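The structure appears below as structure tokens.
The values are calculated or read from the model by the stated rules, or taken from the named source; none is laboratory data. All of these numbers come straight from a predicted model, not from anything done at the bench. Positions of Cβ are backbone-derived with ideal geometry, glycine not excepted, and every protein chain shown enters the neighbour counts.
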Amino acid sequence: MPTPTVIAEKTIDDFSIGQEFSFSVTITKSDVERFAQLSGDINPLHMDDGFAEQRGFKGRVVHGLLLSGYLSRLVGVHFPGRHALLHGININFLSPAYVNDTVNIECIVNQISLSTRIIILKVVMKNLKNNNVLLRAKVQVGFTQTNGLR
């Protein structure tokens, strides 16, 4: 998975209620293995196709927190980017993702507070292979800069 080279420069003044953004990512076997190594979560449900299949899954299940890591990319790189700080995430995991699935992360600006310099994003992550909703999240984002104020 290539690392994005351009970081968005949006400030809170660049947002409006209903504004949307999305991006897609294909989850590789290497992504799952690196996440397992980093997190220490080597549960066989994530590491062993046979084990996962015996439990009714199609194969190795992608870690839910690997999926939630794409919310960090959303905020820190794409939407808003450089001037944002992730304050909180409320996630509901709804369906499993598997190795080699391509997921689409879709968000919409739900609330804006200029006085606190916070926006709330509603996020839906879908599997592009079958359109299953993998997770829904509410993401609170603070800003470290506005157009006229640091």
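Given (1) within 19 Å of F143 (Cα to Cα); (2) of a type in the set (G, A, S); (3) over 12 Å from the mean Cα position of the chain (by Cα), where does G40 come up short, assuming only one miss?
(1)
If you go through the range 1-38, how many residues are farther than 25 Å from F79 by Cα, surrounded by fewer than 13 Cβ atoms within 10 Å (Cβ to Cβ) and not charged (D, E, K, R)?
3
State the number of residues belonging to the range 119-143 that are aliphatic (A, V, I, L, M) and free of Cβ contacts under 8 Å to residues at least 60 places away in the same chain. Spell out the reasoning first.
Residues of the range 119-143 aliphatic (A, V, I, L, M): 119-121, 123-125, 128, 133-135, 137, 139, 141.
Retained after the next criterion (residues that are free of Cβ contacts under 8 Å to residues at least 60 places away in the same chain): 120-121, 123-125, 133.
Qualifying residue count for the region: 6.
Working only within the range 48-82, note down all residues that are in contact (Cβ under 8 Å) with a residue 40 or more places away in the chain and over 21 Å from E20 (Cβ atoms).
First pass over the range 48-82, keeping only residues in contact (Cβ under 8 Å) with a residue 40 or more places away in the chain: 57-59, 64, 67-68, 70-71, 73-82.
Scanning the range 48-82 gives F57, K58, G59, G64.
In the range 51-83, which residues are assigned to a loop (DSSP other than H, G, I, E, B), touching a Leu at 6+ places or on another chain (Cβ under 8 Å) and modelled with pLDDT under 95?
Within the range 51-83, the first condition is being assigned to a loop (DSSP other than H, G, I, E, B), and the residues that meet it are 55-60, 62-63, 79-80, 82-83.
Imposing the further condition that a residue be touching a Leu at 6+ places or on another chain (Cβ under 8 Å) reduces the set to 55, 57, 60, 79.
Correct list: F79 only.
Picking from L86, L38, which residue would you name as being farther than 24 Å from N132 by Cβ and either outside any helix (DSSP H, G or I) or in contact with an Asp or Glu (Cβ under 6 Å, 6 or more places away or on another chain) (or both)? Let's see the steps before the verdict.
On the way: L38 fails: either outside any helix (DSSP H, G or I) or in contact with an Asp or Glu (Cβ under 6 Å, 6 or more places away or on another chain) (or both).
L86 is the lone residue from the list that is farther than 24 Å from N132 by Cβ and either outside any helix (DSSP H, G or I) or in contact with an Asp or Glu (Cβ under 6 Å, 6 or more places away or on another chain) (or both).
Return the pairs, sorted by first residue and then second, in which the second residue is of a type in the set (G, A, S), the first residue lies in the range 21-47 and is over 21 Å from N104 (Cα atoms), the beta carbons are less than 7 Å apart, and the residues are 6+ apart or on different chains.
Partner pairs satisfying both residue conditions: I42/A36; L45/A52; M47/A36.
Across the range 9-35, what is the number of residues that are at pLDDT 95 or above and in a strand (DSSP E or B)?
So the count comes out to 7.
With the condition kept exactly as written, say whether any residue in the range 41-62 is closer than 19 Å to V133 by Cβ and surrounded by 15 or more Cβ atoms within 10 Å (Cβ to Cβ).
Looking through the range 41-62, at least one residue is closer than 19 Å to V133 by Cβ and surrounded by 15 or more Cβ atoms within 10 Å (Cβ to Cβ).
Can you tell me which residue is surrounded by the fewest Cβ atoms within 10 Å (Cβ to Cβ) among those in the range 65-88 that are within 25 Å of A36 (Cβ to Cβ) and more than 10 Å from the chain's Cα centre (by Cα)?
From the range 65-88, those within 25 Å of A36 (Cβ to Cβ) are 65-77, 86; that's our starting set.
Filter again for more than 10 Å from the chain's Cα centre (by Cα), leaving 76-77, 86.
Values: G76: 18, V77: 18, L86: 14.
Of everything passing the filter in the range 65-88, L86 is surrounded by the fewest Cβ atoms within 10 Å (Cβ to Cβ).
Exactly one condition in (1) outside any loop (DSSP other than H, G, I, E, B); (2) at pLDDT 95 or above; (3) under 18 Å from the mean Cα position of the chain (by Cα); (4) not acidic (D, E) is not met by P96; state its number.
(1)
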